[in-house]
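Following: one structure in structure tokens, then a few remarks.
All of the numbers you see were taken from the coordinates with simple rules; none came from a lab. Given the structure is predicted, the values throughout are model-derived calculations rather than measurements. Here Cβ is always computed from backbone atoms with ideal geometry, including for glycine, and neighbour counts include all displayed protein chains.
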Amino acid sequence: MKIESFYHQDTQTFCHLLYDEVSQKAAIIDPVLDYKANSGKIGHEFSDTVIERVKTLNLTLHYILETHVHADHLSAAQYIKQLIGGQVYIGSQVSKVQQHFDDVFNLNSLQESLFDHLIEPNNSLMLGDIVITAISTPGHTPACMSYVVTRPNDVTHVFVGDTLFMPDIGTARCDFPGGDAHSLYQSVQTLYALGDETLLHMCHDYPPEQRGVRSVVTVKEQRESNIHCADGITEAQFIKIRQGRDLGLDAPRLILPSLQVNIRAGFLPEADEKGRRFLKIPLR
């Protein structure tokens, strides 16, 4: 089992490549599309780097896994699928997110059913002898799913989405529609219960100046030093910390374009008769 992580500097997002060296079967977790908000320009430089790595290793892409509907970057799922295949998966509770934002943006993503598969908690996928098991970890959104990766005689790995960040950063915000600090606390405890040596792979890192970017951390490190939910911090204390922190947060820079694309499985809006595509900006 091999895991390679690619860091998208503009959105501080990790895209992960998971593969089995024997069967050469692969999965990509949380792919990122380049997008310039000031010009509306879509780009593929980052995704092309990941695609080229898949081709260099002579891998067959089976799965494109989304941990949740991201609000800080656009998904490259459909671009990658078009070029090298793979089926796009997301947690089955995504309908709750789609229903809300279909109303906000006057879209129809819930009825379009553009994801290839909606995965249920405790369902598993296979890459050779690698088992990928989905576990529900709501709180940041009601549809957040983490992917637990196991293989005989190997350490457990988990792709946690936005549930946890590095210990010096803390946890994900809970002020999006359907978010809930109580649920996030319980989700963190679910991850901690996987064991101290379990490796947690981040979806983001926002490193302070004194350290470099990190993509992976042990459960033990999180339990000992996470600033929001280390051992000894009660659920009530966590909720107070999390809700207080959320009150001071601005909306993510790319939330409006991201949500419109990501609730539609990474599909861009349909082109008009002149070949133009438009995203919507709701005025308040």
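Okay, here's what the table says:
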quantity: Rounded Å value of the spacing that divides the Cα centres of the range 1-80 and the range 82-113; calculated: 18
quantity: Correct option for Cα extents along the principal axes in Å [calculated from the coordinates] among (1) 66, 40, 36; (2) 59, 51, 38; (3) 60, 39, 38; calculated: (2)
quantity: Sequence ranges 52-65, 254-267, ranked by mean other-Cβ count within 10 angstrom, highest first; calculated: 254-267, 52-65
quantity: Cross-link pairs beyond the 25 Å C-alpha cut-off, checked among 41/274; 36/96; 2/81; 55/220; calculated: 36/96; 55/220
quantity: Beta bridges by DSSP in the chain, antiparallel share as percent, to the nearest 5; calculated: 70
quantity: Sequence-distant aspartates and glutamates (8 or more away, or on other chains) whose Cα lies within less than 14 Å of residue 240; calculated: 175, 180
quantity: Whole-Hz couplings from phi, Karplus 6.51/-1.76/1.60, listed for the range 37-52; x for Gly and Pro; calculated: 5, 6, 10, x, 7, 8, x, 10, 4, 5, 4, 5, 4, 5, 4, 5
